[in-house]
1. Those residues that are among the polar types (S, T, N, Q), at pLDDT 85 or above and surrounded by fewer than 16 Cβ atoms within 10 Å (Cβ to Cβ), I need them from the stretch 83-129; list them, please.
2. Go through the stretch 65-83 residue by residue and tally those that are touching a residue at least 40 places away in the same chain (Cβ under 8 Å) and part of a helix (DSSP H, G or I).
3. Does His32 satisfy the criteria of being surrounded by 12 or more Cβ atoms within 10 Å (Cβ to Cβ), modelled with pLDDT of 85 or more and within 16 Å of the ligand (Cβ to nearest atom)?
Amino acid sequence: MRDPLKVHVCHECGMRFLFAVDTQEHEAETGHKLYTTIQIGDTAEGKTERFNPTINTLCRIMKALCEQNSMNRTALSTVANVHYTRLSKCLELLQERNYIELVIQDRVVNIRLTEQGREFASKISDLEI
Ligand SMILES: [Zn+2]
């Protein structure tokens, strides 16, 4: 049985965030203070709702890493179609949560999913994006 995936929804504009830290950033940018945490995939409604770019971005990164065993940042940026700066920020988050690890192969730093990262990837791959 999988843990349900939770997202934080902004009351003001309806944007969704996977991580509480992203809501803090959103609050700093927009002044929106109220968020509700909901579970995704529990209801038919949850499945058909649209997701914000934050989640889409993470989904693309995780998907790319799932398909390739490991990749460097530049390749990942291209495959996941995420701007390098944004990608670095996402990778920091993923690394903090122990979803990815950095490995040095042929003197290049590559990114690959950890065991937890694979679980997380399989969780978010259920999302319709
Ligand atoms: Zn908002």
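1. Let us first name the residues in the stretch 83-129 that are among the polar types (S, T, N, Q), namely 85, 88, 95, 98, 105, 110, 114, 116, 122, 125.
If we keep only those that are at pLDDT 85 or above too, we end up with 88, 95, 98, 110, 114, 116.
Matches in the stretch 83-129: Ser88, Gln95, Asn98, Thr114, Gln116.
2. If we filter the stretch 65-83 for residues that are touching a residue at least 40 places away in the same chain (Cβ under 8 Å), which is where we start, we get 65-66, 69-71.
Then keep just the ones that are part of a helix (DSSP H, G or I); that gives 65-66.
Residues in the stretch 65-83 being touching a residue at least 40 places away in the same chain (Cβ under 8 Å) and part of a helix (DSSP H, G or I): 2 in total.
3. Numbers: surrounded by 12 or more Cβ atoms within 10 Å (Cβ to Cβ): yes; modelled with pLDDT of 85 or more: yes; within 16 Å of the ligand (Cβ to nearest atom): yes.
Against the criterion (surrounded by 12 or more Cβ atoms within 10 Å (Cβ to Cβ), modelled with pLDDT of 85 or more and within 16 Å of the ligand (Cβ to nearest atom)), His32 qualifies.
The values are calculated or read from the model by the stated rules, or taken from the named source; none is laboratory data. None of the values given here were measured: they were computed from a predicted structure. Quick reminder, even Gly has a Cβ in these numbers, built from the backbone with ideal geometry, and neighbours come from all protein chains shown.
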